[in-house]
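First the structure, in the form of structure tokens, and then the observations on it.
The values are calculated or read from the model by the stated rules, or taken from the named source; none is laboratory data. These numbers come from a predicted model, not from an experiment. FYI the Cβ positions are ideal-geometry reconstructions off the backbone, even for glycines, and counts take in every protein chain you see. The area values use the complete protein model at the heavy-atom level, side chains included, leaving out ligands, DNA and RNA. Shrake-Rupley method; radii C 1.70, N 1.55, O 1.52, S 1.80 Å.
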Amino acid sequence: MVTTLAARLMPADTPVSTLGGAAPQTRTSADLEHLSRLYREMLLIRRVEEESARGYAEGKIGGFLHLYIGQEAVAVGALAALRPDDYVITTYRDHGIALAKGMSARALLAELYGKATGCSRGLGGSMHMFDKEHHMLGGYGIVGGHIPIAAGVAFASKYRGDNRVTLCFFGEGAVSIGGFHEGLSLAALWKLPIVFICENNEYSMGTPLSRSMSVEDVSLKALGYGMDRDRFFAEDVMEVERRIGEAVKRAREHSLPTLVEVRTYRFRGHSMSDPAKYRTQAELEEHKKRDPLHRARALLVEQGLGEARLDALEKSVEAEVADAVEFASKSPEPTLADLEPTTYKGPFAY
């Protein structure tokens with residue numbers, strides 16, 4: 001059934017993978033070591049998000065909270081294809097991408113808790129993860145509004161000749177926004193070193209694809225701008241790395257943009273206030289059977305990494321998350337002294 005679904009959704013010229021078909025090819029020991037690192041990153045994101053949900057339920061996190069549970073392979077695989085100095089900008093579902101870019105779990109959870117030790121001193125919150133050191137240019141709360149900004153970042157890289165690539169993440173709900181078309185149009189016109197990644201999780205908030213898009217293949221929109229495209233399911237984190245890596249190489253070596261649609265699925269509602277009643281439990285459980293996080297773990301066991309090593313890895317993640325929760329809980333809140341330097345740039349000169 002899964003293969004049939006993939007074949008129906010993919011354009012005829014796009015390679016189709018089978019989520020439940022033949023076993024993946026045997027990985028080399030180096031591949032397994034790399035996969036184990038990617039698995040750890042995915043697991044860290046999953047556990048941080050689960051603890052974020054707990055903190056929200058306990059009243060320790062306020063405002064909006066959009067969790068990345070189920071989509072971890074997209075961020076981890078895509079960012080594994082980057083250099084440390086490359087840029088990333090994304091939408092409001094940004095926790096996992098921030099962690100994959102190098103932000104610490106401490107800084108992220110402290111920001112969610114509204115503490116002064118957070119990545120934005122507790123003043124940005126869930127939708128505005130920013131990390132200058134790691135070139136994470138933040139989450140962006142306005143749907144599609146960051147896409148032209150990402151094109152501007154890529155233009156700056158090309159203008160400076162710094163050989164950096166920009167990754168711009170957004171959901172399928174953004175592709176009907178004017179900013180999406182403006183960003184792609186300029187990127188193609190100016191031949192910018194950027195990769196646009198549409199994380200298509202099948203629901204624009206609570207609206208299914210069949211009710212929001214006349215053509216479900218988002219990647220086809222690249223054709224209107226003479227832009228390269230790709231489209232695939234995020235079933236294997238290393239496959240995500242490889243496919244995004246091809247687009248990153250095109251951007252870095254030829255200064256050409258690419259639109260990539262990555263089909264994924266979120267296991268929680270749009271936000272913590274969303275009970276997700278627009279989908280059935282059977283649909284959710286079917287997707288959970290193909291959870292890329294669990295698939296990566298199963299593959300590591302199958303190909304010989306060993307339960308002992310995996311157990312140690314998972315315990316290290318649990319310790320890191322517990323430490324981050326404690327750090328966020330005990331950190332101080334912002335004070336009035338934080339207000340001026342985070343609002344104004346001074347001293348003023350007229």
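Say whether the condition of being within 24 Å of L109 (Cα to Cα) and under 23 Å from the mean Cα position of the chain (by Cα) is met by at least one residue in the stretch 253-266. So far as the stretch 253-266 goes, yes, one or more of its residues are within 24 Å of L109 (Cα to Cα) and under 23 Å from the mean Cα position of the chain (by Cα).
When the residues of the stretch 308-335 are filtered to those that are among the hydrophobic types (A, V, I, L, M, F, W, C) and farther than 15 Å from M103 by Cβ, the one that is farthest from the chain's Cα centre (by Cα) is A308. Among the residues of the stretch 147-157, is any closer than 22 Å to V237 by Cβ, hydrophobic (A, V, I, L, M, F, W, C) and open to solvent by less than 30 Å² (accessible area, probe 1.4 Å)? No, the conditions are met nowhere in the stretch 147-157.
Is it the case that the stretch 254-261 has a residue that's closer than 19 Å to M205 by Cβ and at pLDDT below 95? No, there is no match, as no residue in the stretch 254-261 is closer than 19 Å to M205 by Cβ and at pLDDT below 95. When the helices (runs of 4 or more DSSP H) confined to the stretch 233-350 are screened for residues that are open to solvent by less than 10 Å² (accessible area, probe 1.4 Å) and of a type outside the set (S, T, Y), those reaching at least 1 such residues are found at 237-254, 292-302, 307-330.
Filtering the stretch 123-146 to residues that are part of a loop (DSSP other than H, G, I, E, B) and open to solvent by less than 20 Å² (accessible area, probe 1.4 Å) leaves G125, S126, M129, G138, G139, G144, H146. Inspect all residues belonging to the stretch 9-23 and state whether any of them is assigned to a helix (DSSP H, G or I), farther than 30 Å from G304 by Cα and modelled with pLDDT under 75. Taking every residue of the stretch 9-23 in turn, at least one turns out to be assigned to a helix (DSSP H, G or I), farther than 30 Å from G304 by Cα and modelled with pLDDT under 75.
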